[in-house]
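A.B. asks: Below is one structure. I have some questions about it.
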Amino acid sequence: MPEPARTADQRAATTVAAFPGAQLPQTSVKAPPFIRIEHVTKRFGTFTAVSDVTLEIQKGEIFSLLGGSGCGKTTLLRVLAGFEAPTEGRVFIDGQDMTDLPPYERPVNMMFQSYALFPHMTVEKNVAYGLKHEDMTGAQRAERVREMLDLVQLTEFAQRKPHQISGGQRQRVALARALAKQPKLLLLDEPLAALDKKLREHTQFELMEIQEKTGTTFIVVTHDQEEAMTLSSRLAVMDKGRIMQIGTATDVYEYPNSRFVAGFIGSINFFEATVRTTGAETAEVEVPDLGGNVTARAIPGLAPGQPITLAVRPEKVHLARKRHDLPNTFPGTVQSLAYFGKDSLYRIVLPSGHVMLVNSVNARRAGEHERVADWEDAVFLSFDPAAAILLKD
Amino acid sequence: MRRRSTFLVTMLCFGFAFFYVPILSMMVYSFNGSRLATVWGGFSTKWYVSLLSNRQILNAALLSLKIALLSATMATILGTMAGIALARFKRFRGRTLFSGLVTAPLVMPEVITGIASLMLFILMAEWIGWPASRGFTTVTLAHITFSMVFVTTIVHSRLSEADAAVEEAAMDLGSRPWQVMKDITLPIISPAIVSGWLLAFTISLDDVVITNFTTGPGTTTLPILIWSKVKLGVTPDINALATITVCIVGTGVAIAGVILNRAEKRRDRDARMAYQANQ
Ligand SMILES: Nc1ncnc2c1ncn2[C@@H]1O[C@H](COP(=O)(O)OP(=O)(O)OP(=O)(O)O)[C@@H](O)[C@H]1O
Ligand SMILES: [Mg+2]
């Protein structure tokens, strides 16, 4: 049961501030974008790996590209680094057109998914490699290498070869090597994929700390949604070479703009629905599977009679044994429950036979009998109109 | 289990004996004091001494060495380039054909390669007047063509196993393609290059068939000389000569093997450590 790391803040922010399709953070209105990807398409033969991607990224951001396997994340990164020429479109960094520059002339460095350390060089030589092309004295180079090794806490391993250090240490060497040239933009392709969960979480925070210290703009590719939400100021969700939604973690989690994004980030319940009435704030939709009407947050362009999808996150649903006077309350029966310690996941069968997932935090320390509901219990579930998401596609 | 292992050991001994008894007996008889190849006349190194004063043999050995050095070096340069092209350029017009053409000589009977080389030299002499006569140059050229295949194969397999991202990383850090070649690619494939050179060297050093087709009057390499002498009967000085050749060739092949083996072991260890680190 994946749960985004910032859920608490996100819930607090679920008021009016954000709105569906929020594209950029507030500061972006003034600042010109630091990185601008304009209608970039990349085809391999007849296969389109990246399809008409337009993106703007601000200086100092940690931006995540999130998407399933084969959706074109690495390809987009390689276009930015200069390893692939886009079939169409242009790439600008800091106002300069980079599209036709080779990788060795771009102010961009990349941390490869496989780390790609030079096997025949020591850790120190690896980190120093990029500096030999910089206009620096020997002493300055040595100083920079020392700083970088310090930053990633590898000073004592400086003389080891890559095969003599652990996976996590290798990952830090790769990071130090990419940062040593002080690039304007650092591209990270699944930087943490090879690490175990504990080390990954630890390294996430290290990465954020390093980003804060250096002020470098990061673009991080990942297929791990938790990682994207923890790390990034904003993220883009990709599918089949297209960008489906761009926004902060809160935006895409609380205000998904499509079934794909809603289903990709976190888990969610979908229902087929039909629009009945629409208002400024809320809309009434009929949901046969729930056996009644639901008041949901309105989205623009709704017309009565229109078929639509209703989406409700499991943790936004409240469970109770007694019926109470809340909007969007429906009866159901507990089919099964899974206890995870900090929360429990209930599978509730609705009278229509449809199963709904409900996630409930175990706030109190309770024994078996004191739980909100148990197997086979008849319960009432309810959710706030603000938690009822309407999706057109 | 036990019986089977006895059986296997016996088989192994027979196999080794089959291969090495002839060579060993030749080595032993090279220290034979008697002139007759079949009679043991006590231990002696006089055939080795007599070799050293035999101008004909020394000249042939020197020529063989020259040809081997030159052809191995050229074959290594060309073969390395072909190997890199095959390993790193996944798509270019005629790649399949190129790759087939590069490896075909591996399985081609030497006689065919020899005849083909001879035909080419004769035709070229007719069309462009070069080579006017056959000798050192033609033998060296022929040796280059058939030994570079081995270099190509070794370099290709070594480089295919190496992560192409390593070279991209160097380019990403500001190196131009030729710098990447110098700093990254060549060091990574250096064990393959060295062992390729050694193989090419030993192949050239002991070749009879192709040399026979492409050589001319006055150019007698060591194996050719041995071949012609043996036709008149095996003498102990031939045994001595052959023993030296076996030692040189054996050492070359062994060093090539050790170098490749060490690189492989290191790669295995890297892979194992990477795997463990990911646990
Ligand atoms: N050089 C290439 N030639 C042909 N097709 C390619 C090439 N590189 C990538 N592709 C295809 O483009 C698509 C996108 O690949 P890409 O590597 O960008 O995926 P990804 O999003 O990084 O996936 P993953 O999460 O698995 O790394 C894939 O279907 C892949 O097969
Ligand atoms: Mg990828």
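Only the coordinates and a few stated rules stand behind these numbers; no lab work does. Since the model is a prediction, treat every value here as computed from it, not as a measurement. Backbone-built Cβ (ideal geometry, glycine too); neighbour counts: all protein chains shown.
A.B. asks: First measure r as the distance between the Cβ atoms of residue B:247 and residue B:81, then evaluate 1/(1 + (r/R0)^6) with R0 = 41 Å and state the FRET efficiency to the nearest 0.05.
C.D. replies: Values: r = 32 Å, r/R0 = 0.78.
The calculated FRET efficiency here is 0.80.
A.B. asks: Given the peptides A:110-119, A:280-289, A:300-309, A:88-97, arrange them by the average over their residues of other C-beta atoms within 10 Å, most packed first. Write out the running numbers ahead of the final one.
C.D. replies: Values: A:110-119: 22.5, A:280-289: 17.4, A:300-309: 12.7, A:88-97: 15.6.
So the order, starting with the most tightly packed, is A:110-119, A:280-289, A:88-97, A:300-309.
A.B. asks: I need the phi-derived Karplus couplings for the stretch A:176-190: 6.51 cos²θ - 1.76 cosθ + 1.60, θ = phi - 60°, integer Hz, Gly and Pro marked x.
C.D. replies: Values per residue, Gly and Pro as x: 4, 5, 6, 7, 4, 7, 6, x, 6, 9, 10, 9, 10, 9, 6 Hz.
A.B. asks: What is the mean number of Cβ atoms from other protein chains located within 10 Å of the Cβ atom of each residue in peptide A:153-166, rounded to a whole number?
C.D. replies: Working: counts 0, 0, 0, 0, 0, 0, 0, 0, 2, 3, 8, 3, 2, 5.
If you average over the peptide's residues, the count of other-chain Cβ atoms is 2.
A.B. asks: Also: Could you run the Karplus curve 6.51 cos²θ - 1.76 cosθ + 1.60 with θ = phi - 60° over the stretch B:199-210 and give me ³J(HN,Hα) per residue in whole Hz, x for Gly and Pro?
C.D. replies: 4, 4, 4, 5, 4, 5, 5, 10, 7, 10, 4, 5
A.B. asks: Another one. Going 7 Å from the Cα of residue A:242 toward and past its Cβ, which residues in the stretch A:303-345 have a backbone nitrogen under 19 Å from where you end up?
C.D. replies: A:308-309, by backbone N distance to the label point.
A.B. asks: Take peptides A:321-333, B:170-182 and line them up by average Cβ neighbours within 10 Å, highest first, as a rough protection proxy. Mind showing how you got there, number by number?
C.D. replies: Details: A:321-333: 14.2, B:170-182: 18.5.
Taking the mean over residues of other Cβ atoms within 10 Å, the ranking is B:170-182, A:321-333.
A.B. asks: While we're here: If I model a spin label as a point 7 Å beyond the Cα along the Cα-Cβ vector, how far apart are those points for residue B:56 and residue A:281 in nm?
C.D. replies: 11.4 nm
A.B. asks: Same structure again: Report the equivalent ellipsoid semi-axes for the protein assembly as shown in whole Å, largest first, defined as the square roots of five times the eigenvalues of the gyration tensor built from alpha carbon atoms.
C.D. replies: Working: eigenvalues 1043, 172, 117 Å².
Gyration-tensor ellipsoid for the protein assembly as shown: 72, 29, 24 Å.
A.B. asks: Take residue B:34, project a point 7 Å from its Cα along the Cβ direction, then tell me which residues of the stretch B:221-255 have their backbone nitrogen under 19 Å from it.
C.D. replies: Residues B:233-240 fall inside that zone.
A.B. asks: On a 0 to 90 degree scale, rounded to 10, what angle separates helix A:197-214 from the longest Cα axis of chain A?
C.D. replies: On a 0 to 90 degree scale, this one is about 60.
A.B. asks: With θ set to phi - 60° and the Karplus curve 6.51 cos²θ - 1.76 cosθ + 1.60, what are the ³J(HN,Hα) couplings of the stretch B:179-184 in order, to the nearest whole Hz, using x for Gly and Pro?
C.D. replies: Ordered by residue, 3J(HN,Hα) equals 5, 4, 4, 6, 7, 10 Hz.
A.B. asks: Shielding by partners for A:126-132, please: the mean number of other protein chain Cβ atoms within 10 Å of each residue's Cβ. Numbers along the way, then the final one.
C.D. replies: On the way: counts 2, 0, 0, 7, 6, 2, 5.
So the per-residue partner count for this stretch is 3.
A.B. asks: Within a 10 angstrom radius of each residue's Cβ in B:181-190, how many Cβ atoms of other chains show up on average? Whole number is fine. Before the final figure, lay out the partial values.
C.D. replies: Values: counts 0, 0, 5, 6, 0, 0, 4, 3, 0, 1.
Per-residue shielding by partner chains comes out at 2.
A.B. asks: If you add up the charges near residue A:133, with Lys and Arg at +1 and Asp and Glu at -1, over every other residue whose beta carbon is less than 15 angstrom from its beta carbon, what do you get?
C.D. replies: Numbers: positive: A:106, A:125, A:132, A:141, A:144, A:177, A:181, B:176, B:182; negative: A:105, A:134, A:135, B:172, B:183.
Net local charge, residue A:133 excluded: +4.
A.B. asks: Also, quick follow-up: For chain B, take the longest principal axis of its alpha carbons; what is the angle in degrees between that and the long axis of helix B:55-88, to the nearest 10 within 0 to 90?
C.D. replies: For helix B:55-88, the angle is close to 20 degrees.
A.B. asks: Taking 0.36 nm per residue of sequence separation and subtracting the Cα-Cα distance, how much length would be gained by fully extending the chain between residue B:231 and residue B:111, in nm to one decimal?
C.D. replies: Numbers: separation 120, 0.36 × 120 = 43.20 nm, distance 1.97 nm.
Net length gain for the segment: 41.2 nm.
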